[in-house]
1. Write down the accessible area per residue of the range 134-231 in Å², having rolled a 1.4 Å probe over the full set of protein chains.
2. Using a 1.4 angstrom probe on the protein heavy atoms only, could you order His119, His80 from most to least accessible area?
3. Can you pull out the trypsin sites (Lys or Arg not before Pro) in the range 136-180 that DSSP calls coil and that have at most 14 other Cβ atoms within 10 Å?
4. Once you have a ≥ b ≥ c as the square roots of the Cα gyration tensor eigenvalues for the range 1-150, tell me rounded if a/c is under 1.5, and otherwise prolate or oblate according to whether a/b is larger than b/c.
5. Which pairs, out of Lys149/Lys213; Lys108/Lys149; Lys67/Lys116; Lys67/Lys108; Lys4/Lys213; Lys4/Lys132, put more than 20 Å between their alpha-carbon atoms?
6. Tell me, what is the percent relative contact order of the chain, built from C-alpha pairs under 8 Å that lie six or more residues apart?
7. In whole percent, and with a 1.4 Å probe on the protein chains, what portion of the accessible area of the range 1-55 is carbon and sulfur?
8. How would Arg125, Arg181 line up by accessible area, probe 1.4 Å, largest first?
Amino acid sequence: MKWKTRVTELLGCEYPILQGALSRIGNWKFAAAVSNAGAHGCLTAAVSLTPDRLREDIRRCRDATDKPFSVNLTVGMCPHIDEMLHVCLDEGVEVIETAVFNADPIGKRVKEAGRKWVHKTATVRHALHAEKNGADALILVGLEGIGFKNASQLPTMTTIAWAAREIKVPIIAAGGIGDARTFLGSLALGAEGVMMGTAFMATQECPISDRFKQGMVQANPDNPYLRATVL
């Protein structure tokens, strides 16, 4: 089946599936493997630690795949974020993903450079703000998603159904999505793509221990092991 949504058209990927940024493990090798599989890989700038290392990692990722990939800049967590953004733009990265806090200044620079800006947030209110300021697509993370939480955050199903009524740019659903049922369910709610984190962590290419991967595969969804933070 050939997938065609505004997300595949915007990002140039075969499937409307994005790799979560994945703090500490979202390196260039992982991003390249995801993109080569037809989804959209994401290189996390904070994993590279320095602008010079990020430049090197972007070039390595480009050597490892001829498919598009993005770079994540998490506001408040990514070191040297202004310099990291400069490297991304200088190296010709077409898609910049921002996350967590207000990213308007970054988004403005991305748009002025003629690149694509995807913002990840936890609430419809903040998504609407990013859309007003030029975001090309929005990732909305429900309570089921691992990562930072917001006091106003709602479950993924409620968030996406609400966002689909309010937001005009493509919506990417995240949080608790890891199989065909949750993927198709997200599209039925109005999303045009999904972002997965935990599901990708169980793949061979993910740079975590096999013991941890096996534990994830064997655990039921209500198992607290899935919420472990030690890799």
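The values are calculated or read from the model by the stated rules, or taken from the named source; none is laboratory data. Since the structure is predicted, the reported quantities are computational estimates derived from the model, not experimental observations. Counting neighbours? That spans all protein chains shown, and the Cβs are built from the backbone with ideal geometry, glycine included. In case anyone asks, the SASA skips ligands and DNA or RNA and just uses the protein heavy atoms, side chains included. Shrake-Rupley method; radii C 1.70, N 1.55, O 1.52, S 1.80 Å.
1. Values: 5300 Å² over 98 residues.
Averaged over the residues of the range 134-231, the accessible area is 54 Å².
2. On the way: His119 10, His80 95 Å².
Putting His119, His80 in descending order of accessible area: His80, His119.
3. Working: sites: Lys149, Arg165, Lys168; in loops: Lys149, Lys168.
The qualifying sites are Lys149, Lys168.
4. Details: a/c = 1.35, a/b = 1.08, b/c = 1.25.
Since a/c stays below 1.5, the shape of the range 1-150 is classed as rounded.
5. Numbers: Lys149/Lys213 24 Å; Lys108/Lys149 25 Å; Lys67/Lys116 16 Å; Lys67/Lys108 25 Å; Lys4/Lys213 31 Å; Lys4/Lys132 25 Å.
Table pairs above 20 Å Cα-Cα are Lys149/Lys213; Lys108/Lys149; Lys67/Lys108; Lys4/Lys213; Lys4/Lys132.
6. On the way: 451 pairs, mean separation 36.0, N = 231.
It comes to 16 percent, rounded to a whole number.
7. Details: 1320 of 2460 Å².
That share works out to 54 percent.
8. Numbers: Arg125 155, Arg181 200 Å².
So the residues, ranked largest to smallest area, are Arg181, Arg125.
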